[in-house]
Amino acid sequence: MKYTTSDGFTLRVFSSGYLDYGLEITNSAGKEMYYNPCCLSADCWGSHYDEELDEVVEWCEDEWREELKLHADDLIDCFVQFDNV
């Protein structure tokens with residue numbers, strides 16, 4: 001799943017065989033600014049409990065995009081070293 005911010009950073013979340021999700025952040029020129037194959041905890045990302053179904057449901061692509069949009073600035077501030085931009 002990908003989301004691109006208004007200032008050109010692209011956040012890509014992916015499953016990499018670990019329990020958690022990987023995160024890659026690239027700048028507007030496509031330069032990789034951050035990469036970690038197990039950055040986002042599966043305890044907090046990627047699913048929600050559906051009371052109606054009484055089970056855990058994985059996020060669809062739109063839900064991933066919405067969460068990335070909501071948290072993009074925090075993730076960029078946390079992981080990108082701006083002296084390398």
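Every number here is computed from the coordinates shown, using simple stated rules; none is lab data. On a predicted model such as this, the values are computed, not experimentally measured, just so you know. With ideal geometry, Cβ positions are generated from the backbone for all residues, glycine too; neighbour counts draw on all protein chains shown.
Before moving on, here are some points about what is shown:
- Considering only the chain, percent of DSSP beta bridges that pair antiparallel, nearest 5: 100
- For the chain, the direction-averaged projected area of the alpha-carbon convex hull comes to 5.8 nm².
- Packing rank of 49-57, 32-40, 2-10, where each peptide gets the mean count of other beta carbons within 10 Å, highest leading: 32-40, 2-10, 49-57
- Förster radius 30 Å - calculated FRET efficiency between residue 74 and residue 54, Cβ distance, rounded to 0.05: 0.40
- Förster radius 30 Å - calculated FRET efficiency between residue 63 and residue 28, Cβ distance, rounded to 0.05: 0.75
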